1. Would you pick out the residues in segment 60-71 that are within 18 Å of K102 (Cβ to Cβ) and either under 15 Å from the mean Cα position of the chain (by Cα) or among the aromatic types (F, W, Y) (or both)?
2. Taking Y61 as meeting all but one of (1) among the aromatic types (F, W, Y); (2) more than 23 Å from E107 (Cβ to Cβ); (3) part of a helix (DSSP H, G or I), write down the number of the exception.
Amino acid sequence: MSEETLSFQNFNDTDDIISSYYTGSSNETNKLQKTKKKGGRKFTEIWKYIKRGKKISSGNYEGTCNYCDEFWVVAKPLKLKLHLAKDCLKCLEEITQIFINKLAKDEIQDNENL
């Protein structure tokens, strides 16, 4: 069988073939759509130290500190970094220092961009 014949085997009749041509709804198009990556930001390193809860809205999640169990309804990365850097008394010293350094670096970069 030719490639053309193989690609049309899943269609019931000529109308399906014509319809798929004009709408772009063939199996090959569907496969491409399924593998298409979704947009959005990647999760930051902070989520290694915070349990991500249920999704609240697009890109927003609940969060719970892995060390002290403090809970945030909307866990924003900056709030979480500040928590680990200065508020969490149960956080490991090395983790606290990592986030103190990250916040200081972010502050320097922000000031340079002014």
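1. G63, Y67, listed by residue number.
2. All conditions pass for Y61, except number (3).
Yes/no matrix, rows are residues, columns are (1) under 19 Å from D106 (Cβ atoms); (2) charged (D, E, K, R); (3) surrounded by fewer than 17 Cβ atoms within 10 Å (Cβ to Cβ):
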position	(1), (2), (3)
G53	no, no, yes
S57	no, no, yes
C65	no, no, no
C68	no, no, yes
V74	no, no, yes
K79	yes, yes, yes
K86	yes, yes, yes
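Bear in mind that the values in this text are calculations on the coordinates, not laboratory data. Just so you know, these numbers come straight off a predicted model, no measurement behind them. Glycine gets a Cβ as well: all are built from the backbone with ideal geometry, and neighbour counts include every protein chain shown.
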